[in-house]
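K.L.:
Mind having a look at this structure? Questions to follow.
The values are calculated or read from the model by the stated rules, or taken from the named source; none is laboratory data. Everything numeric here is computed off the predicted structure, so don't read it as measured data. In this analysis, Cβ positions are derived from the backbone assuming ideal geometry, glycine residues included, and neighbour counts consider all displayed protein chains.
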């Protein structure tokens, strides 16, 4: 079966050749299988945001190859990159990034509208994902009228509405209270299981990470160890993550 | 230390500040330019045929002052919006609010003072330059005009110092009253929109009623110029309010309707554009209605000014049909005539005897004499031709001749009789060119040569060129004012709109960044920005054009054809306005799409 994400020997160096250079990523390799829920953990400055930016075509690697659904995204031009993001990727950001002058419905419909999907098809798609995420009652509200948890669920719906190959989450629970965070993670894991949606989560929060199937630890731009949940319960996995964080930090 | 920090903050934002700074400079330059006209009563009196001009100018000065205050208010808001986050940070770090407010007072006032100083200098230079340009290009005669005029200088300084003291106070007070946290998170403060269908419908009706009153007042003024003193304020008041409601209610209703049309709304970024606009419009209502009024005033001023210019040709052409008349033509004059773009050239022979001037009737049979006949119904002169000149025609025929014959009696005789008259045979050559204006320089030469040949012409005047000089001098002053006022208002209004749009730009950075992230092509983002700004520019322009088209009715008694050649001022105006549109969208994109 084709892998969703294939990262080979990625390197990212900031600064020009004649200036002082900083290596943000060096020799990063990993894969994501279809339907996998992968977490990337690391402290701030470890390079996880750089990695996410490269995976989502917002940044390009200095060398190396990234394939998403079999397509090499490092060789795309700017327009192709934009189209790729619009078609293949769903985003959930820490600060929601909803457009506050659009209603929840309009925010969710935006990726479809961007792909020039006909309005006949937009409505059922928005309704179906909203139902799944329990948003049907708040679709006509503006983001300022919603709670943090609701906003993030709207953002999740926006990330999922166009059936992307993979959903990238950048600290999606970072701005949420613990109850809303738990609800969001439950939803994400439910969608992951039921609809077989691949999810890649970047976080430094062990609790969020414990929802993942597999965790890749990154430190100073290099991949360290990997943890797999396998048959563990979430509680056990959480403990395991904490333990590895303790040793990994050394 | 804080001052140093504040200064370094300015340095970092030099580009934003340069926009603000140049805007303020333009404002004070324009104010000075206008004042150099408005405070110069000898100029006004010498150049205006209408007694109401002083009044109109006074009114213009008041308007300009109001506009300038509003404008500075926007520029000031722009300044504050750039700085508040920084000030919030200083306060968070422990700076006392009294110190911060003193700092912002000094900053606002200094920027204002420097801008005014530079602005007036530019104003003086620009006044000289622009007036020379207008005077030369239009062959105008403007008396008593001085680009450096002390009363104008003083009033400009006084006006701007007062405004800047107030805005500096306003800034420091509003900063003192705002919480540190609000300052720090200014960008993310939510904007709520109010939706009330009943109120909207009421506003639409109110808007239409007010506009109707205003337009009626204008049309009534056109029929009876005495009403002008009452009519102008009434029209201004009602049209301003009407415009406000129209923009607020009608435009948002249109946008809501468009949003309901799912086919349209759910295509690409249309929904986003519409939402941006509906948020903007309710926030922009005040400035958009102000801009549309100013647009109308500016365009109106230019149109009326140009109308006076057209008037010159119309009035001059109404004086006489033939552009050039030459007596007993010689080779030198014939040579000059040949250089004209001649449409018709006729020579009539005549003899003068016993207070009677004899023409050959067969010559008139062959080429009838053309003259301007005054139509009592349309109040406009019409071209007519006759084989037997009588009344108007004979009067114009005499006027074409030398002054010594002008009181004579005209008689048409056949060739045989003409030959028997015992007097010297003379000839009168009449030339009609394709355009009096375009052949003006050559006509002037012929006229001067003719005056040399017949010195009596010098005192009597009455040639078509002489009437042109007289009429041109009369209307030039009015035209000059119209153009000057129009361009001044335009520059002001467009930069007001520009500032308002640009001060909103920083809060859009995040939105566009997000759209980019979820996969919108940069090209799409650009065209979206273009569309959005285009609507914001087009709404006031559209309303303004309607205001002008109706407003011109006011001049139906003063101008013979108020709508003649209207496309020229409209064209000039739209080109200038488009220029502002392009600058705005360029700057906006520079801020938003990094």
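K.L.:
Could you count how many residues in the range A:99-113 are in a helix (DSSP H, G or I) and within 20 Å of residue B:279 (Cβ to Cβ)? Break it down stepwise before answering.
P.N.:
Looking only at the range A:99-113, we keep the residues that are in a helix (DSSP H, G or I), and these are A:104-113.
Pick out the ones that are also within 20 Å of residue B:279 (Cβ to Cβ) and you get A:104-110, A:113.
Qualifying residue count for the region: 8.
K.L.:
Which condition does residue B:38 not pass, out of (1) under 28 Å from residue B:173 (Cβ atoms); (2) at pLDDT 70 or above, if it passes all the others?
P.N.:
Of the numbered conditions (1) under 28 Å from residue B:173 (Cβ atoms); (2) at pLDDT 70 or above, the odd one out for residue B:38 is (1).
K.L.:
Test residue B:168 against the stated conditions and say whether it is assigned to a helix (DSSP H, G or I), under 26 Å from the mean Cα position of the chain (by Cα) and either modelled with pLDDT of 75 or more or within 30 Å of residue B:437 (Cα to Cα) (or both).
P.N.:
Values: assigned to a helix (DSSP H, G or I): yes; under 26 Å from the mean Cα position of the chain (by Cα): no; either modelled with pLDDT of 75 or more or within 30 Å of residue B:437 (Cα to Cα) (or both): yes.
The answer is no for residue B:168.
K.L.:
Can you work out which of the residues in the range B:518-550 that are in contact (Cβ under 8 Å) with a residue 24 or more places away in the chain, surrounded by fewer than 23 Cβ atoms within 10 Å (Cβ to Cβ) and within 14 Å of chain A (Cβ to nearest Cβ) is nearest to residue A:78 (Cα to Cα)?
P.N.:
My answer is B:522.
K.L.:
Turning to a different aspect of this structure: Residues being within 11 Å of chain A (Cβ to nearest Cβ) and assigned to a helix (DSSP H, G or I): count how many of those fall in the range B:241-281.
P.N.:
So the first thing to find is which residues in the range B:241-281 are within 11 Å of chain A (Cβ to nearest Cβ), and the list is B:259, B:261-280.
Still in the running and assigned to a helix (DSSP H, G or I): B:259, B:262-265, B:270-280.
Residues meeting the conditions: 16.
K.L.:
Could you tell me whether the range B:287-296 includes any residue that is touching a residue at least 24 places away in the same chain (Cβ under 8 Å), within 14 Å of chain A (Cβ to nearest Cβ) and under 30 Å from residue B:574 (Cβ atoms)? Break it down stepwise before answering.
P.N.:
Narrowing the range B:287-296 to residues touching a residue at least 24 places away in the same chain (Cβ under 8 Å): B:287-296.
Going one step further and asking which of them are within 14 Å of chain A (Cβ to nearest Cβ), we end up with none.
Within the range B:287-296, none of the residues are touching a residue at least 24 places away in the same chain (Cβ under 8 Å), within 14 Å of chain A (Cβ to nearest Cβ) and under 30 Å from residue B:574 (Cβ atoms).
K.L.:
Next up: Residue by residue through the range A:80-117, note down the ones that are facing another protein chain (nearest Cβ under 8 Å), at pLDDT 85 or above and surrounded by fewer than 17 Cβ atoms within 10 Å (Cβ to Cβ).
P.N.:
Result: A:87, single match.
K.L.:
If you don't mind, there's one more thing I want to ask. Of all helices (runs of 4 or more DSSP H) completely enclosed by the range B:443-524, which ones contain at least 3 residues that are assigned by TED's automatic domain parsing to the domain that holds residue B:594 and over 20 Å from the mean Cα position of the chain (by Cα)?
P.N.:
Working: elements: B:456-460, B:464-503, B:505-517.
Output list reads B:464-503, B:505-517.
K.L.:
Can you tell me which residue among A:151, A:131 is part of a helix (DSSP H, G or I) and more than 21 Å from the chain's Cα centre (by Cα)? I'd like the intermediate steps shown before the answer.
P.N.:
On the way: A:151 fails: more than 21 Å from the chain's Cα centre (by Cα).
Step by step, each of A:151, A:131 is checked, and only A:131 is part of a helix (DSSP H, G or I) and more than 21 Å from the chain's Cα centre (by Cα).
K.L.:
Tell me the residue from B:332, B:349 that is in the same structural domain as residue B:417 (by TED's automatic domain parsing) and closer than 16 Å to residue B:424 by Cα, please. First the steps, then the outcome.
P.N.:
Values: B:332 fails: closer than 16 Å to residue B:424 by Cα.
B:349 is the lone residue from the list that is in the same structural domain as residue B:417 (by TED's automatic domain parsing) and closer than 16 Å to residue B:424 by Cα.
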